[in-house]
Amino acid sequence: MDKGGSEGSYDYIVVGGGSSGCVTAGRLVREQGARVLLLEAGGDDDDPLIRMPAGTFKMMLGGSPHIKSYQSSPQPHLAGRIVPIPQGNVIGGGSSVNVMAYMRGCEEDYARWDAAIGGGWSWADMLPHFRRQEGNVRLDDESHGSDGPLKVSDPHYKVSATSYFLRTMQKRGLPFRHDFNAGELVGVGYLQTTMDGPRRCSAADAFLAPCRADPRLTIATNAVATRVRVEDGRAVGVEYRHKGRPCFAAATRQVILTAGALATPKLLMLSGIGDADHLRAHGIDPIVDLPGVGQNLQDHVVVRLTTATNGAFGYFGQDRGFRMIVNGLRYLLFKDGPVSSNGAECIGFASLDAPDGAADTQLYCLGIMWPSAYSGPVTHGVTLMASLTQPRSRGSVRLRSSDPFDDPIVDLNWLSEQADADLLVKGLRYLRQIAGSEPLASIIAEERAPGPLLQSDDDLERYVRETAESAYHPVGTCRAGKDGDPMAVLTPDLRVRGVDGLRVFDASMMPNIVSANTNAVVMAAADRGVDLMLGRAGQFRRGSPAPSPGAGP
């Protein structure tokens, strides 16, 4: 769908067609009967690779127009590297290209939100939104919904490496956890995913598809927002470019930014909302001096231990030659096989350094040898990964120039806090212990990365700083906070401070990153944002039936 030149007047303009944008636009059209313009910088989600779960790694490793790879500034704490930060660039956003992990984090994450924002964002406050959206095929209880449009299921296909990893973790003392989304994390188990049988269920499938044919919804793809127009202290519309042509659309009620934690602060700053001195340095007249715009950037930082296996226990070669043909036919005819896997079927959470026993490290097992400068020729292999659940380091997003087509300067600032580097070294050592324990050890032929020559803490820290990568979960750059907090960009109900008619419903609102994958959290937060905007928050709480997504006031 390409209605990029759709100018005119709308009740609401939603900037960003990713996970939070689909939730927001869909609800406003279905429940309010509102006229909504949804602007998306990328294209439509009609690529068959998006629907196939295995298409994730094809798009990530082989490149795709549906993924925009931002580049960080050179990072002094990462051996001077420029680090890519891939983000969805398509209707559905990250939910159309990610590994489909359905994770919420733990109760403590939302207690931190609640304290930072000043109430209204606790686990009990958020749980009804998760339940309302969720259509879980296995779980239907106080923590889960089964009737929502977002389909959630267990892995459709598992390679044998997954079983070896899971049994090894259990033998090492981690309990099997059948549900990672009930508020506690420490343990090992199968990852629930946003899949409808053998197909991806993106935010666009769940929340936008039911109203795509509604004439009140206009979806403008390949439309890059360049400025929110503010007049007399109120957001009145959005300027954007479509195929080089400048366009303007007016909003009579609200402009809602859902462009993500890198693009949303950039758009605010281009619109004159941000640190006044920084804006003036780029020739932009400040409208509202909000120094917190672009600050507080957080992400899950990942390190990998890559191994070669002594046989075919994973996915190597399944996308080549005769096997590719067989697997493709198997998927088309029987809806199963390797093509129906997201590639990350099993996860774990461990407490390696937290005095309270909280999960400080997330663990993954991939049935592939992840290519890197350390791993050598790719063959049959298994990659184990460790990620910080609560990194201490904070980065920033700043303007490169006043040109809206210049990417922002993204200073990740990872590992500026020594504690983060120390914990990743512990994570690597833990992964080595797992790889060296039975039954997983029985299928591993050799460690490729970091490799057996790197043994000291100094060697492993150097490896961490030379190879750490993004889990693709940037958050926090327009954080919500209490009145009187000078760095809070948003009010507790997600209004941009100092501007009427302007809200932010995406990952940039988070004061702190949650302790797991962020996509489900972003969708639930957007759902709560809509309720707060419409004055419905608190109508349903823990233990009450989750209302239909189409229920009106």
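The values are calculated or read from the model by the stated rules, or taken from the named source; none is laboratory data. Please read these numbers as outputs of a predicted model, since none were measured by experiment. Using ideal geometry, Cβ is built from the backbone for each residue, glycine included, and neighbour counts are taken over all protein chains shown.
Name the residues in the range 364-394 that are in a loop (DSSP other than H, G, I, E, B), more than 20 Å from Ile443 (Cβ to Cβ) and in contact with a Phe, Trp or Tyr (Cβ under 9 Å, 6 or more places away or on another chain), would you? Listed by number, the residues that qualify are Tyr374, Thr389, Pro391, Ser393.
From the list Leu127, Leu78, the lone residue that is buried (at least 20 other Cβ atoms within 10 Å of the Cβ) and over 19 Å from the mean Cα position of the chain (by Cα) is Leu78. Go through the residues of the range 138-145 one by one and say whether even a single one is outside any helix (DSSP H, G or I) and in contact with a Phe, Trp or Tyr (Cβ under 7 Å, 6 or more places away or on another chain). No, there is no match, as no residue in the range 138-145 is outside any helix (DSSP H, G or I) and in contact with a Phe, Trp or Tyr (Cβ under 7 Å, 6 or more places away or on another chain). Only one of the numbered conditions (1) touching a helix residue (DSSP H, G or I) at 6+ places or on another chain (Cβ under 8 Å); (2) in a helix (DSSP H, G or I); (3) not hydrophobic (A, V, I, L, M, F, W, C) is not met by Asp420, and that is (1).
Only residues that are touching a Gly at 6+ places or on another chain (Cβ under 8 Å) and in a helix (DSSP H, G or I) were counted in the range 105-124, giving 5. Of the strands (runs of 3 or more DSSP E) that lie entirely inside the range 148-251, those containing 1 or more residues that are at pLDDT 95 or above and closer than 21 Å to Lys335 by Cα span 150-152, 187-190.
Across the range 249-273, which residue is surrounded by the most Cβ atoms within 10 Å (Cβ to Cβ) among those that are of a type in the set (Ser, Thr, Tyr) and within 22 Å of the chain's Cα centre (by Cα)?
From the range 249-273, those of a type in the set (Ser, Thr, Tyr) are 252, 258, 264, 271; that's our starting set.
If we keep only those that are within 22 Å of the chain's Cα centre (by Cα) as well, we get 258, 264.
Numbers: Thr258: 31, Thr264: 28.
Looking at residues that are of a type in the set (Ser, Thr, Tyr) and within 22 Å of the chain's Cα centre (by Cα), I get Thr258.
Within the bounds of the range 208-218, is there any residue that is farther than 16 Å from Gly135 by Cβ, surrounded by 16 or more Cβ atoms within 10 Å (Cβ to Cβ), polar (S, T, N, Q) and assigned by TED's automatic domain parsing to the domain that holds Asp403? For the range 208-218, residues farther than 16 Å from Gly135 by Cβ, surrounded by 16 or more Cβ atoms within 10 Å (Cβ to Cβ), polar (S, T, N, Q) and assigned by TED's automatic domain parsing to the domain that holds Asp403: present. Among the conditions (1) among the small types (Gly, Ala, Ser); (2) closer than 30 Å to Pro246 by Cβ; (3) assigned to a strand (DSSP E or B); (4) more than 21 Å from the chain's Cα centre (by Cα), the only one that Ala445 does not satisfy is (2). Within the range 132-188, the residues that satisfy the criterion of being small (Gly, Ala, Ser) and under 22 Å from Thr389 (Cα atoms) are Ser143, Gly173, Ala182, Gly183, Gly187. One residue stands out in the range 376-390 among those that are under 20 Å from Val99 (Cβ atoms) and surrounded by fewer than 23 Cβ atoms within 10 Å (Cβ to Cβ): the one that is modelled with the highest pLDDT, namely Met385.
Which of the helices (runs of 4 or more DSSP H) contained wholly in the range 9-85 include at least 2 residues that are of a type in the set (D, E, K, R) and at pLDDT 95 or above? First the steps, then the outcome.
On the way: elements: 19-32, 48-51, 55-62.
Passing ranges, in order: 19-32.
One residue stands out among those in the range 474-503 that are outside any loop (DSSP other than H, G, I, E, B) and out of contact with any helix residue (DSSP H, G or I) (no Cβ under 6 Å at 6 or more places or on another chain): the one that is surrounded by the fewest Cβ atoms within 10 Å (Cβ to Cβ), which is Asp500.
Run down Asp336, Asp356, Asp319 and say which single residue is among the acidic types (Asp, Glu) and either assigned by TED's automatic domain parsing to the domain that holds Lys58 or closer than 23 Å to Gln390 by Cβ (or both). Show your work before the answer.
Values: Asp336 fails: either assigned by TED's automatic domain parsing to the domain that holds Lys58 or closer than 23 Å to Gln390 by Cβ (or both); Asp319 fails: either assigned by TED's automatic domain parsing to the domain that holds Lys58 or closer than 23 Å to Gln390 by Cβ (or both).
Checking each option against the conditions leaves just Asp356.
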